[in-house]
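Q: If you scroll down you'll find the structure; I have some questions about it.
The values are calculated or read from the model by the stated rules, or taken from the named source; none is laboratory data. All values derive from a computational prediction rather than experimental measurement. Positions of Cβ are generated from backbone atoms using ideal geometry, with glycine treated the same way; all protein chains shown enter the neighbour counts.
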Amino acid sequence: MGKPRGPRKEGTMFSGGNVTVYVSNMDRAVRFYSETLGLKLAYRFGDHWASIEAGTGLTIGLHPASSENPAGRKGSMAIGLQLKGSIRDAVSALKAKGVRFQGEVVNEGKAGSFIGFEDPDGNQLYLAELNWSHVEKGEGQYQPAKA
């Protein structure tokens, strides 16, 4: 069966969304997400907001930190970036751009391989090389939530 796809359910009120990341320096954050990670800067409104497109279905909104929403509060969120290719190739490419990873790549068996790192404010991100082969073989098929 594979990954869920297709039209949205009739009557849904949402058309999309984003993960908002609070940052201490907008220029530095935009450079990290767009240049270091190679994601697309969709638009920016000065130091008030920037939208980063991270592939189908994931927008990262960069917003200035405040006393109510400080930058880099560890453990409150993590952004997972699903890879098209090899996690080892991605790690090598990002290390060459100065990204420091937390430990080594962890192989989680059927789930895939993962490794964590942080943005310049200490916000948690991780790379994911997902393993869909078990789903394609009919194991662990996607099942919608029951109402």
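Q: Please tell me if LYS97 is at negative phi, touching a Ser or Thr at 6+ places or on another chain (Cβ under 6 Å), of a type in the set (Lys, Arg) and modelled with pLDDT of 95 or more.
A: Against the criterion (at negative phi, touching a Ser or Thr at 6+ places or on another chain (Cβ under 6 Å), of a type in the set (Lys, Arg) and modelled with pLDDT of 95 or more), LYS97 qualifies.
Q: Looking only at region 113-135, count every residue that is touching a strand residue (DSSP E or B) at 6+ places or on another chain (Cβ under 7 Å) and under 19 Å from MET26 (Cβ atoms) and tell me the total.
A: The qualifying residues number 5.
Q: Filtering region 1-41 down to residues that are at pLDDT below 95, aliphatic (A, V, I, L, M) and farther than 20 Å from GLY72 by Cβ, which residue is surrounded by the most Cβ atoms within 10 Å (Cβ to Cβ)?
A: MET1
Q: Name the single residue, out of those in region 18-39 being touching a strand residue (DSSP E or B) at 6+ places or on another chain (Cβ under 7 Å) and in a loop (DSSP other than H, G, I, E, B), that is nearest to SER66 (Cα to Cα).
A: ASN18
Q: Tell me, which strands (runs of 3 or more DSSP E) wholly within region 40-99 include 3 or more residues that are out of contact with any strand residue (DSSP E or B) (no Cβ under 9 Å at 6 or more places or on another chain) and touching a residue at least 60 places away in the same chain (Cβ under 8 Å)?
A: none
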